[in-house]
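Peer 1: Right, I'll just put the structure down here and ask away after.
The values are calculated or read from the model by the stated rules, or taken from the named source; none is laboratory data. What you are looking at is a predicted structure, and each value in this text was computed from that prediction instead of being measured. Note that each Cβ is placed from the backbone with ideal geometry, even for glycine, and that neighbours are counted across all protein chains shown.
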Amino acid sequence: MAINTTNRKPNMTKRIRSHALNTTNSTQKLNLQVYRLENGKKVRMTTKEKRTSLKNAKTA
């Protein structure tokens, strides 16, 4: 079982407009993925968090 470690807000709402200018509310969900860390622990985090953690690991 993966541990959820994300600190981001769960859903983001947006308003979609058609060509006829009808507006409807829509939700964008987070892109949660399961990653295995170096110590063997499974972690659920967003792809953006994964990308920044890899970037920080390269510079350090």
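Peer 1: Every residue in region 1-23 that is of a type in the set (Lys, Arg) and out of contact with any Leu (no Cβ under 8 Å at 6 or more places or on another chain), please.
Peer 2: Within region 1-23, 9, 14, 15, 17 qualify.
Peer 1: Just a yes or no: is a residue in region 39-50 in contact with a Phe, Trp or Tyr (Cβ under 7 Å, 6 or more places away or on another chain), in a strand (DSSP E or B) and among the hydrophobic types (A, V, I, L, M, F, W, C)?
Peer 2: Checked against the condition, which is being in contact with a Phe, Trp or Tyr (Cβ under 7 Å, 6 or more places away or on another chain), in a strand (DSSP E or B) and among the hydrophobic types (A, V, I, L, M, F, W, C), region 39-50 yields at least one hit.
Peer 1: Within region 24-43, does at least one residue satisfy the condition of being touching a Leu at 6+ places or on another chain (Cβ under 6 Å) and basic (Lys, Arg)?
Peer 2: no
Yes/no per residue for (1) at pLDDT below 90; (2) surrounded by 10 or more Cβ atoms within 10 Å (Cβ to Cβ):
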{"residue": "2", "(1), (2)": "yes, yes"}
{"residue": "5", "(1), (2)": "yes, yes"}
{"residue": "9", "(1), (2)": "yes, no"}
{"residue": "15", "(1), (2)": "no, no"}
{"residue": "20", "(1), (2)": "no, no"}
{"residue": "23", "(1), (2)": "no, no"}
{"residue": "35", "(1), (2)": "no, yes"}
{"residue": "38", "(1), (2)": "yes, no"}
{"residue": "59", "(1), (2)": "yes, no"}
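Peer 1: Might you let me know whether region 25-33 holds any residue that is free of Cβ contacts under 8 Å to residues at least 40 places away in the same chain, surrounded by 10 or more Cβ atoms within 10 Å (Cβ to Cβ) and part of a loop (DSSP other than H, G, I, E, B)?
Peer 2: yes
Peer 1: Taking only pairs six or more apart or across chains, which ones have beta-carbon atoms under 6 Å, a first residue in region 5-17 that is at negative phi, and a second residue that is modelled with pLDDT of 80 or more and small (Gly, Ala, Ser)?
Peer 2: If the second residue must be modelled with pLDDT of 80 or more and small (Gly, Ala, Ser), the pairs left are 14/26; 16/26.
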